[in-house]
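Encoded as structure tokens, the structure appears first; notes follow it.
Derivation of every value follows stated rules applied to the coordinates shown; laboratory data play no part. What you see is a predicted model, and the numbers here were worked out from it, not measured in a lab. Every residue, glycine among them, receives a Cβ derived from its backbone with ideal geometry; neighbour counts consider all protein chains shown.
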Amino acid sequence: MNFEFAKDLARLRWSLILLVAAIVVGTALVVFTQRKVAKAEAIDHRLTAQLSDIRGRLARSHDEEEDMRGRIQRFRALGERGIIGQEERLNWVEQIARIKAARRLLDVQYEIEPQAPISATALPGGATAGPYEIMSSTMKLHMQLLDEEDLLGFLADLRQAVRAQLLVRECKIERATGATGPGAIPPQLLADCTIDWVTLREKTP
């Protein structure tokens, strides 16, 4: 019995050796494949992250481009309106007189102060805008009115006519007392306003 078993075992020896070798090789292949898969997954994750980063940069670049285009358009619009450069006081005075006559306003009195960098109360961000300074000439305006529409119409026309940005800081309206004189239409209201005429001036080195 033992002799037969030994003979059978001898016959199976190479088969067993081949089986063990196959198991070893199979195990090695499994380990090798797992490592390759893990490496491929790591590469895939890295490439996915890089692709996501590239897409994010492209999106930010597009947003920055759109923002830059918007700024250029706004800058051109300011240039076309004459807000950039020297203020045009003579034109302002002429436009005030023209609007007063066209609207048949009772009385318009004003005083425009010297130009200076805009105050922090009017613009909390300060008077600096890149290579430009935000300048302001403050106007004290006094008007006699028949009604509120006289003031609103005057300011609307002024905004459309002048080459500057008007910033109305405050307006006080009170009832008028007494007539202006014989035969004159008495004002119903008195308005006192503080208005900034805002322009941009290139910084001097």
> Could the peptides 146-157, 165-176 be put in order, highest first, of the mean number of other beta-carbon atoms found within 10 Å of their residues?
Replying inline: 146-157, 165-176
> By average Cβ neighbour count within 10 Å, what is the ranking of 35-42, 96-103 from highest down?
Replying inline: 96-103, 35-42
> Within a Cβ distance under 10 Å of Leu189, other residues only, what is the Lys/Arg minus Asp/Glu net charge?
Replying inline: -3
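Students often check this: by mean Cβ neighbours within 10 Å, which of 21-28, 104-111 ranks highest, and how do the rest follow?
Details: 21-28: 10.0, 104-111: 13.9.
Put in order of decreasing packing, that is 104-111, 21-28.
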